[in-house]
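Before any comments, here is the structure.
Every number here is computed from the coordinates shown, using simple stated rules; none is lab data. Small disclaimer: the values here were computed from a predicted structure and weren't measured. Here the Cβ positions follow ideal geometry from the backbone for every residue, glycine too, while neighbour counts run over all protein chains shown.
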Amino acid sequence: MLAALLDLVIPPRCAGCDEPGSVACRACTAQLLRDPAPRPPDPPPPGLPECWSATAYDGAARRMILAFKEHGRTAVAPILGACLAQVTAAALTASAEWADRGPRPVVLVPVPSARAASWKRGHDPVRAVSRAAAAELRTLGLPVMSAPMLRQVRRVADQAGLSSTRRAANLSGAFDVVPGRTGLLATLGSRGVVVVLVDDIVTTGSTLAEAARAIRLAGVRVPLAVTVAATRRKDRQGRGRHAQGAGRRTMTESKDG
């Protein structure tokens, strides 16, 4: 809250490089938008949809995500939303299903945050970025909405240092559809609406695979998942080797999967 207030009353500084003058300078924004492409984890977990991201989780992208997610720089949300909109548009354009059947309405479904995490941060970052992305895509003429269809139904352990197999076990059964929205999901699916999962970072893919499982139980296909950033393979290996250093990591780096 304090960081958001300061963004309003003092000249802004770039969340990616601390340069004065804007929330996100041109150079850092360009890094966010540099390379929307498929970046699935290796190996991908069972049930993971085709997974795209806008950039790698390093440099300015990493600093901007952390500033937004953990340090209250909520003014960064539209920048990350525009980034997510670009990768979503690229993923849809490249989708064989989209090409075969033509443009159709799209629903962005954000991966749910734990209530305790949202309360501590003062906001739900993935939901905010999903809303911003949907608004950006609508300005491009695409019929897109953001809908928080999922909830976390049980606590999960901190994932720092866990292997991909242990992360998947940790998240198994952690999500389900928000009560009362199963019928809405089924209706959307019957009308050919494309469901796209949204998260900020993909590491092993376990979180997105679990979210996709919950939606599929409602009888709806999930062909795509999109994120702002994807960790590099060497980063994932390093986390496994250096699990003893987990206490020094940020909350973002320890929880995301």
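Net charge of the neighbourhood of Cys28, taken over other residues with C-beta under 14 Å away and scored Lys/Arg +1, Asp/Glu -1, is +3.
The packing ranking, built from the mean of other Cβ atoms within 10 Å per residue, places the peptides 196-203, 105-112, 58-65 in the order 196-203, 105-112, 58-65, highest first. In order along the stretch 39-51, the Karplus-derived 3J(HN,Hα) couplings, from 6.51 cos²θ - 1.76 cosθ + 1.60 at θ = phi - 60°, round to 9, x, x, 10, x, x, x, x, x, 6, x, 4, 10 Hz, and Gly and Pro are given as x. Under 5 Å from the amide H of Ala230 lie the amide H atoms of Thr55, Ala56, Tyr57, Val202, each residue being 5 or more positions distant or on a separate chain, with H modelled from the backbone and absent for Pro and chain starts.
Ordered by packing density, taken as the mean number of other Cβ atoms within 10 Å over each peptide's residues, highest first, how do 142-153, 37-48 rank?
On the way: 142-153: 18.9, 37-48: 16.5.
Averaged packing, sorted descending, gives the order 142-153, 37-48.
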